[in-house]
Amino acid sequence: MLDDWLSATLEGSVAGRPARGQPPGGRYRVHGEGILELTPDVTAPDARSVVISAGIHGNETAPIELVGELLAALEAGRLALGAPLLIILGNIPSIRAQTRFIDTNLNRLFQRGLDQEGEEPKRARALMHAVDDFFARHRHRPLHLDMHTAIRDSRYPRFAVVPYTDGQAETRPRSAWPDLAAAGMQAVLLQHRHSWTFSHYSRHYHAAEAYTLELGKVRPFGDNDLDALHGMRAWLAALAQGVPPADGNVADLRFFQVAFELMRTSDDFRLTFAEDVANFSEFAVGERLAEDAVSGPFVVETAPLSVVFPNARVELGARAALLVRPCGLPGSP
Ligand SMILES: [Zn+2]
């Protein structure tokens, strides 16, 4: 049964269960642990080819609950399957352990030619393969939604990160700002260079429209307020049925562009602000944000900067925070 695939996967009790089945209006196939493909009997006229991933960070449970709801609605026939879907549960050992990751951050590893060893690199390779295989067979208006929740509070609890995209303007995937607004996003953050996240993988290698979606704050299973995510729930339902999403008002979105990445370059490194500062907190010109024994202090110059995803305890050479500035409505990149 479709609707207990998720719990069986997390319990590790999938062995011996059928890898295929027929929910109303289509069929499903389990390609591997936490990798489920749904194919409609009849593809709807507005259908897109959609990858939906959750649990790339294991303690981010609200997206997993949204996936569970979606599968239950399809199994019960409350939603009619009308589009090809690839559903992915990312880091299963870390979901079971209720931790962000086991050995290393999975969401930095989605790059072809990855030669690291270990559980997370192995999982990244399996997921890249699954996405390659799916988009090779389903090319129509490809879309990847990689759903997360954030460790800290945020001035904008729900926001989309748009991976950096280069190449020819004609072949670059477009972003659909009205769809993000209708899904309840409050802000959009535009990346300024490649970072090897799962959503970047689909943009970069498959020219898919793709986002990392931050959907509120990390909470344990059962403690999430899914009603606050009703816009996201409606978007997933529309995509599964292959119907156009609700119309959103782009004026509801605040746009930000990454200006700097604060990198940790020494063991003697610290961020000068409170550890629990909310995402998008703004710092004025002249404020010192970090001290690093090698690269020296980082001071805000020219115009205020807002901090997103700060984490002083990253590995050496890794990013300790994104520093962003507001920007106008970007042309569809
Ligand atoms: Zn995450």
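The values are calculated or read from the model by the stated rules, or taken from the named source; none is laboratory data. Not measured: the values here are computed from a predicted model. So basically every Cβ, Gly included, is an ideal-geometry build from the backbone, and we count neighbours across all protein chains shown. In case anyone asks, the SASA skips ligands and DNA or RNA and just uses the protein heavy atoms, side chains included. Shrake-Rupley method; radii C 1.70, N 1.55, O 1.52, S 1.80 Å.
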Within the chain, what percent of beta bridges assigned by DSSP are antiparallel, to the nearest 5? 55 percent
With the radius of gyration and the Kirkwood radius both derived from the Cα set of the stretch 1-144, what is their ratio Rg to Rh? 0.96
Per Stokes-Einstein, at 4 °C and 1.567 mPa s, what whole-number D in µm² s⁻¹ belongs to the stretch 118-182, with the Kirkwood radius over Cα pairs as the hydrodynamic radius? 86 µm²/s
How high is the relative contact order of the stretch 200-290? Use alpha-carbon pairs under 8 Å, at least six apart in sequence, and give a whole percent. 13 percent
Cα convex hull of the stretch 165-320, projected area averaged across orientations, nm²: 11.9 nm²
In whole percent, what relative contact order does the chain give with Cα contacts below 8 Å and a gap of six or more residues? 17 percent
For the chain, the Rg and Dmax computed from alpha carbons only, in angstrom: 19.8, 62
Taking just the C-alpha trace of the stretch 20-96, give me its Rg and Dmax in Å. 12.7, 39
With every protein chain present, what accessible area does Asp166 have (1.4 Å probe, heavy atoms only), rounded to the nearest 10 Å²? 70 Å²
Per DSSP loop assignment and a cutoff of at most 11 other beta carbons within 10 Å, the chain keeps its longest run without exposed GluC sites (Glu not before Pro) at 1-116
Mind grabbing the accessible area of His140 for me, 1.4 Å probe, Å², rounded to tens? 110 Å²
Find how much the distance from Val294 to Ala8 grows on full extension, using 0.36 nm per residue of separation minus their present alpha carbon separation; answer in nm with one decimal. 98.1 nm
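Taking K and R as +1 and D and E as -1, what net charge do the other residues with C-beta under 13 Å from the C-beta of Ala126 add up to? Show your work: numbers first, answer last.
Values: positive: Lys122, Arg123, Arg125; negative: Glu33, Glu119, Glu120, Asp132, Asp133.
Net local charge, Ala126 excluded: -2.
Looking at the stretch 238-333, what % of the alpha carbon pairs are farther apart than 19 Å? Could the numbers behind the result be given before it?
Numbers: 2321 of 4560 pairs.
Everything past 19 Å amounts to 51 percent.
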